[in-house]
1. Being among the basic types (Lys, Arg) and modelled with pLDDT under 85 is the requirement here; does Arg374 meet it?
2. Tell me yes or no: at least one residue of segment 284-301 is β-branched (Val, Ile, Thr), in a loop (DSSP other than H, G, I, E, B) and at pLDDT below 90.
3. Being in contact (Cβ under 8 Å) with a residue 12 or more places away in the chain and either within 15 Å of Phe369 (Cβ to Cβ) or under 60 Å from the mean Cα position of the chain (by Cα) (or both) is the filter here; which residues of segment 397-419 pass it?
4. I need every pair where a residue in segment 115-133 that is closer than 18 Å to Val86 by Cα has its Cβ under 6 Å from the Cβ of a residue that is among the basic types (Lys, Arg), sequence separation at least 6 or different chains.
5. Find the residue count for segment 348-362, including only residues that are crowded, with 17+ Cβ neighbours inside 10 Å and not hydroxyl-bearing (Ser, Thr, Tyr).
6. Restricting to segment 372-395, name every residue that is in contact (Cβ under 8 Å) with a residue 24 or more places away in the chain and under 24 Å from Tyr424 (Cα atoms).
7. Just give me the residues in segment 72-107 being surrounded by 20 or more Cβ atoms within 10 Å (Cβ to Cβ) and of a type in the set (Val, Ile, Thr), in sequence order.
8. Give me a count of the residues in segment 381-393 that are out of contact with any helix residue (DSSP H, G or I) (no Cβ under 6 Å at 6 or more places or on another chain) and surrounded by 13 or more Cβ atoms within 10 Å (Cβ to Cβ).
Amino acid sequence: MSKRIIYIVVLCLSVLLIQSCNNFDFTKWFVTLDKDSKKPYGGYLAYQSLQSFFPEAKVSGLSNSFRFTSIDRSMMSTSGTRNLIVLTGLRFNVSDKEWAQMMSFVKEGNELVIFSSSLDKDIESKLGVYKTQGREEQVVLSQKVFAESQHVLTLAGDTVKKYGYSGRSINSFFESSADYYLHNVPVDTTTVKDSVTLAEDSTAVIDSDEYYQADTDQYTIADTLGYASGKPNFLRIAIGRGHLTLHAAPLVTSNYFLLQDGNINYLAAIWSTLPADISHIYWDDYFNHSSEETSSNVLWRYESTRWGILLAFFVAGVYVLFQMKRRQRIVQVIAPLKNDSVSFVETVGRLYYNTGNNANLADKMVQQFLEWVRMTCYLNTSTLNEDFIRELSAKTGQSPAVTAEIVNMIHEVRLGSVPIDDPYLYQLYRTIQQFYKNHSR
């Protein structure tokens, strides 16, 4: 067989495999137990069955954000009736406050049913029953797992009749500690009315004060109502005037389980063990319920984190208080420097004087003076003769002698006929400044 034929065959098989994967919806086989989901592992059928078994009761679902600390008097039973909370999911963990509120709900004469494959360790310790970890989230890939889940469930009233299905694991069960024991109670699965007598006649009532005394010799009697492979997986504990019911296989509430032959009778038997006078049923498909109440409560639970948060708030408060004060002192108003010609010449003169170049400085002083004459007196400074002296004297009001003196000094600086030493430079500066001053008058 040529390589080309092999490539074609491999390509065709790959296309068929991809097509088959696209046609198979893996997501619909995920476990959700959602009361509104009609997918195989949704809880639509179980939720709808409540209205059939409890026609007089009002059935409503709890939101995903519901916390059991929110159980209030409106959810408690009224005189002569009971309320029921049904919880179904995989991992069930609650905070101490939530559990205390749930126990108050039960003690008032209400019913609490928990379907879970994994219970909170604190709850197991308080109840004295310990649950094996379920494998409900594992995808079924072998016929062996299918076989393990078939004909695995039985009820205490009829151990001959077995229930099961070809799906994910439902083999989890409960074990008791040395200080607790499980008590077998037959279950009458015929009618709801008959099962009410059983629930009300239970002798496993725990006083509310004694219940929390974990170190005493008080025993909790857990009635076994069902089995998985001969081991208890369906328990009921009487607390106060109500009952707590635990079931180790939450997938018995899934659509896939209930649609297989005869399994609806198994769920009917579970509902039949509950009292008939249920007035309101609350359904919570929590899936994975966390024991953490809120993100802020989680942070506040740990002492080091709590003190860190308080310290951060304290530092922030101190910082805000100090920042409210004015940090910068008042800036004084400084008058801007005058940018006039005389000040500029003085500044430049000081620069030249400091460098010791007297001749250059004197020349700059003469140029500045002549520029002043042109701009102020409107005279031509190209020829400095007797006529210039006479006109400048007349324009400025200076005497001809003073005017002639300053013109002669200008000629000396330009011709370099005299040494420009410091005394001469000072005399030139004084003469020009006096001329400016007398003209301003």
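1. Numbers: among the basic types (Lys, Arg): yes; modelled with pLDDT under 85: no.
Spelling it out, it is not the case that Arg374 is among the basic types (Lys, Arg) and modelled with pLDDT under 85.
2. Here is the first cut: in segment 284-301, the residues β-branched (Val, Ile, Thr) are 294, 298.
Checking which are in a loop (DSSP other than H, G, I, E, B) leaves us with 294.
Okay, now just the ones that are also at pLDDT below 90, so 294.
Looking for residues that are β-branched (Val, Ile, Thr), in a loop (DSSP other than H, G, I, E, B) and at pLDDT below 90, one finds at least one in segment 284-301, hence yes.
3. Filtering segment 397-419 for residues in contact (Cβ under 8 Å) with a residue 12 or more places away in the chain gives 397-398, 402-407, 409-411, 413-414, 416.
Within segment 397-419, Gln398, Val402, Thr403, Ala404, Glu405, Ile406, Val407, Met409, Ile410, His411, Val413, Arg414 meet the criteria.
4. So the pair list comes out as Ser118/Arg91; Leu119/Lys131.
5. In the first step, residues of segment 348-362 are kept if they are crowded, with 17+ Cβ neighbours inside 10 Å; the result is 349, 352, 358, 361-362.
If we keep only those that are not hydroxyl-bearing (Ser, Thr, Tyr) as well, we get 349, 358, 361-362.
Result for segment 348-362: 4.
6. Hits for segment 372-395 are Trp372, Leu384.
7. Ile85, Val86, Thr88, Val94, Val106
8. Filtering segment 381-393 down to residues out of contact with any helix residue (DSSP H, G or I) (no Cβ under 6 Å at 6 or more places or on another chain) leaves 382-383, 385-388, 390-391.
Subsequent filtering for residues that are surrounded by 13 or more Cβ atoms within 10 Å (Cβ to Cβ) retains 388, 390-391.
Final tally of qualifying residues: 3.
The values are calculated or read from the model by the stated rules, or taken from the named source; none is laboratory data. Keep in mind that this is a model prediction, so the values were computed, not measured. As a convention, Cβ positions derive from the backbone with ideal geometry for all residues, glycine included, and neighbour counts pool all protein chains shown.
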